Amino acid sequence: MEVSLVGGIVMELVTARCDYASAEEEVVPIDLWDVKQIEAKAPDAKSVTEARKVLAQGDFGKVEPRADGKGWWTICKGMTGTYEVSVKRGPRGGLESACACPSRKKPCKHALALLIYLAEHPEARPEAESTTAPTARDQESLLRAAFAAPEDDTLRLVLADCFEENDQPERAALIRVQCQLARMSAKDAAWKETVEREATTLAAVWKQIGKLPSSYEGNFVRGFLQLTITNYSLKSIGGLPARFVKLFHEGWVESLHKPPCLLDMLPLYRLVGDLDFSKLQVDPSQVMILMKELRLGDPATRTRFVRVPGGYRKEARVFSASASDGD
């Protein structure tokens with residue numbers, strides 16, 4: 001009798017020529033989270049030492065599930081910057097790691113540190129729930145209406161009431177206080193008190209939604225996030241933290257500036273009211289191809305405005321979901 005391992009299933013092969021009975025060998029499955037095996041992936045012994053140093057210094061942020069449900073994501077402080085680091089399950093069941101740092105070592109010390117951390121902290125390994133749960137129908141229609149009329153505070157205040165009724169009091173409060181501030185000036189008697197109330201509300205909201213990935217910058221304007229992408233190392237939605245992608249699905253993000261021209265990012269772009277490609281150093285025709293795939297006016301697309309480079313003209317051209325020829 002011979003014992004072999006095929007696809008993780010132990011199969012017994014009886015050999016007719018065998019004239020003796022051998023003892024069956026115990027087949028032990030490979031443990032992906034065995035620390036020694038993870039350290040063996042290091043390009044050299046120094047990398048293990050450096051990875052342990054990263055962990056000891058507490059240079060990691062919170063470890064979060066990736067949006068594709070296949071792994072985990074965090075940020076790590078390095079010597080020259082803060083890097084996004086991720087680990088995911090590979091197509092053959094193994095573990096794949098990636099880091100935005102410039103190191104040529106694979107895995108680098110940051111990725112190796114995340115692998116070791118996950119191995120030693122199984123409680124940090126819950127995987128993402130679906131980030132594509134539909135928004136309530138009435139809330140969705142209000143979101144689209146607010147994105148279509150960005151200067152109309154009435155729609156936003158109605159939406160705030162909807163959020164309040166659906167157990168999102170901080171979000172409702174932010175819309176109300178920022179809409180109020182937009183109608184005031186520093187000379188108003190209630191200006192200082194309203195600014196202080198906005199600061200308190202903003203702190204509560206940021207605590208609720210968490211920090212933005214390092215490749216994004218943003219702030220809230222009249223209750224919604226205005227985001228700018230600062231680098232283009234990311235090539236797909238799946239590599240983003242699930243918690244961040246959920247913000248798009250739940251309608252927190254009203255505008256996105258300098259998004260890369262990537263068809264893989266279209267599902268995210270369709271959830272944003274205003275897309276601004278006008279500052280990109282690309283051929284305007286590339287943006288037009290992407291814009292065509294957005295399907296402005298489609299019921300599944302929240303996008304109402306798209307700003308594209310004006311070619312040889314300095315000004316951007318603005319396309320609206322309600323006008324085919326733009327402004």
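Considering (1) part of a loop (DSSP other than H, G, I, E, B); (2) at pLDDT 90 or above; (3) surrounded by fewer than 17 Cβ atoms within 10 Å (Cβ to Cβ); (4) of a type outside the set (Val, Ile, Thr), say which one Ala42 fails and leave the rest.
Looking at each condition in turn, Ala42 falls short on (3).
Could you tell me whether any residue of the stretch 243-252 is touching a residue at least 24 places away in the same chain (Cβ under 8 Å) and over 26 Å from Glu84 (Cα atoms)?
So far as the stretch 243-252 goes, no, none of its residues is touching a residue at least 24 places away in the same chain (Cβ under 8 Å) and over 26 Å from Glu84 (Cα atoms).
Just the residues that are β-branched (Val, Ile, Thr) and surrounded by 18 or more Cβ atoms within 10 Å (Cβ to Cβ), please, taken from the stretch 219-257.
Ile229, Ile237, Val245, Val253
What are the residue pairs meeting all of these: first residue in the stretch 181-200, first residue assigned by TED's automatic domain parsing to the domain that holds Arg156, second residue surrounded by 10 or more Cβ atoms within 10 Å (Cβ to Cβ) and not in a helix (DSSP H, G or I), Cβ atoms under 6 Å, and 6 or more apart or on different chains?
The qualifying pairs are Ala182/Arg222; Trp191/Met184.
Inspect all residues belonging to the stretch 182-196 and state whether any of them is under 28 Å from Lys258 (Cβ atoms) and assigned to a strand (DSSP E or B).
no
Hey, could you check the stretch 185-218 for residues that are touching a helix residue (DSSP H, G or I) at 6+ places or on another chain (Cβ under 8 Å) and among the small types (Gly, Ala, Ser) and say which is surrounded by the fewest Cβ atoms within 10 Å (Cβ to Cβ)?
Ser185
Here is a yes/no grid of residues against (1) free of Cβ contacts under 8 Å to residues at least 60 places away in the same chain; (2) part of a strand (DSSP E or B); (3) farther than 25 Å from Asp264 by Cβ:
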{"site": "Gly69", "(1), (2), (3)": "no, no, no"}
{"site": "Trp73", "(1), (2), (3)": "no, yes, no"}
{"site": "Cys76", "(1), (2), (3)": "yes, yes, no"}
{"site": "Met79", "(1), (2), (3)": "yes, no, yes"}
{"site": "Gly93", "(1), (2), (3)": "no, no, no"}
{"site": "Ser97", "(1), (2), (3)": "yes, yes, no"}
{"site": "Lys105", "(1), (2), (3)": "no, no, yes"}
{"site": "Leu112", "(1), (2), (3)": "no, no, yes"}
{"site": "Tyr117", "(1), (2), (3)": "no, no, yes"}
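List the residue pairs whose Cβ atoms are under 6 Å apart, where the first residue sits in the stretch 259-271 and is in the same structural domain as Arg144 (by TED's automatic domain parsing), the second is modelled with pLDDT of 90 or more and not hydroxyl-bearing (Ser, Thr, Tyr), and the two are 6 or more positions apart or on different chains.
From residues that are in the same structural domain as Arg144 (by TED's automatic domain parsing), the pairs are Pro259/Ile229; Leu268/Phe248; Tyr269/Leu275; Leu271/Phe248; Leu271/Arg302.
If we scan the stretch 233-251, do we find a residue that is within 26 Å of Ala149 (Cα to Cα), at pLDDT below 95, assigned to a strand (DSSP E or B) and in the same structural domain as Ala146 (by TED's automatic domain parsing)?
No, the stretch 233-251 contains no residue that is within 26 Å of Ala149 (Cα to Cα), at pLDDT below 95, assigned to a strand (DSSP E or B) and in the same structural domain as Ala146 (by TED's automatic domain parsing).
Could you identify the single residue in Leu266, Leu227, Leu256 that is of a type outside the set (Asp, Glu) and under 13 Å from the mean Cα position of the chain (by Cα)?
Testing whether each residue is of a type outside the set (Asp, Glu) and under 13 Å from the mean Cα position of the chain (by Cα) leaves just Leu227.
Would you say Lys109 is buried (at least 22 other Cβ atoms within 10 Å of the Cβ), among the charged types (D, E, K, R) and not assigned by TED's automatic domain parsing to the domain that holds Ile237?
yes
The values are calculated or read from the model by the stated rules, or taken from the named source; none is laboratory data. Because the structure is predicted, anything quoted here is derived from the model rather than measured. Cβ atoms come from the backbone with ideal geometry, glycine included; neighbour counts cover every protein chain shown.
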